[in-house]
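The values are calculated or read from the model by the stated rules, or taken from the named source; none is laboratory data. Quick caveat: nothing in here was measured; it's all calculated off a predicted structure. Glycine also receives a Cβ, built like all others from the backbone with ideal geometry; neighbour counts cover every protein chain displayed. Keep in mind that these areas ignore ligands, DNA and RNA; they rest on the heavy atoms of the full protein, side chains included. Shrake-Rupley method; radii C 1.70, N 1.55, O 1.52, S 1.80 Å.
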Amino acid sequence: MQRKSMPWISGKMENSWLHRVTTKPSTFTIVLVEKKLKTVASKKYGVDLVKFTHTNEAVICASKNEWDESLRYLSLHDNKYLRYFKGHRDKVVSLSMSPRDDLFMTGSLDNTIRLWDLNSNSCQGVLRRRGRPAVAFDPQGVIFAVGTSTNVVKLYDLKSYDRGPFSSFYVQYSPVDWSGMKFSPDGKYILLSTTNSIIFLLDSFTGELKQTYTGFSNAATLAGEASFTPDGQFVLAGADDGTVHIWDALSGREVAVWKGHLGPVNAVQWNPKKMMAASGCSNLHFWIPADSE
């Protein structure tokens, strides 16, 4: 069976907001607001889970091909690979870049979570956990969270992760597979997207379930994405019917539904400094919320 090519979006603010989106497994496009800057090809390995490093001139990405599980550090200036990271034995499904240094973290279907440094080919550490993983650094880059099967989320101190988690949370719900995880901008909450039609909001200190977001379609069980607004007051996520849903983060009230996509939307991001959002299906859409929303 041929794997469907799903889009993703990533952004980094320097002078303006940069976006990238792919609809082909072997290319990605760099966009500055609404101006296309360039298309970068990776025909041999394909591209997936692309993240900017701490510069606009380089990205880290996973492979799209089923026969290759390595990660690559790619220079956008000359389209050359700066470093390869090998160690995973199955598809990488989650990637998080540290907000403060050159560390990044990956989760794979080989039941491992690996810690890497952009300056070294060698893996810096390994955690073994069963199930589809989701990983995320907190906004300060001092702790990281790992979501695993059976609805569990574990928190680790980056300096002593080899001693095990300092806190573990269990989400009281029927078994779900995590498709993504993000801390709120202030670090107080953890947003957990799933392959089902539900998204969870947890208190990052106590693990208390603060809110769930439903009412959107995901009959295809896609690995969707959810995102906070920069102030953390709202959450948005895409649906497989081409809509984008926005909720009040704490009350869970749906405040808007955006329509316009022709296919499933599983990539969404807010501009970190401006009132603008981007979402991806086979096309990249930009949104500016109305005053009434």
Region 108-123 - residue that is assigned to a loop (DSSP other than H, G, I, E, B) and either modelled with pLDDT of 95 or more or of a type in the set (A, V, I, L, M) (or both) and, of those, nearest to S193 (Cα to Cα) | L109
Unique residue being polar (S, T, N, Q) and in contact with an Asp or Glu (Cβ under 6 Å, 6 or more places away or on another chain) when the list is Q172, Q140, Q124 = Q124
Enumerated strands (runs of 3 or more DSSP E) restricted to region 139-232, each holding at least 3 residues that are within 23 Å of V93 (Cβ to Cβ) and in contact (Cβ under 8 Å) with a residue 12 or more places away in the chain | 143-148, 152-157, 167-170, 178-183, 189-194, 199-203, 226-228
Residues satisfying the stated conditions in region 231-263, i.e. closer than 20 Å to N218 by Cβ, of a type outside the set (A, V, I, L, M) and open to solvent by less than 50 Å² (accessible area, probe 1.4 Å) = G238, D240, G242, T243, H245, W247, G252, W258, G260, H261, G263
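Any residue at all in region 27-35 that's basic (K, R), within 27 Å of S184 (Cα to Cα) and either open to solvent by less than 20 Å² (accessible area, probe 1.4 Å) or at pLDDT below 90 (or both)?
There is no residue in region 27-35 that is basic (K, R), within 27 Å of S184 (Cα to Cα) and either open to solvent by less than 20 Å² (accessible area, probe 1.4 Å) or at pLDDT below 90 (or both).
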May I ask you to verify whether L192 is over 19 Å from T106 (Cα atoms) and buried (at least 17 other Cβ atoms within 10 Å of the Cβ)?
-> no
All-but-one check, L127 against (1) under 18 Å from the mean Cα position of the chain (by Cα); (2) not in a loop (DSSP other than H, G, I, E, B), failing number (1)
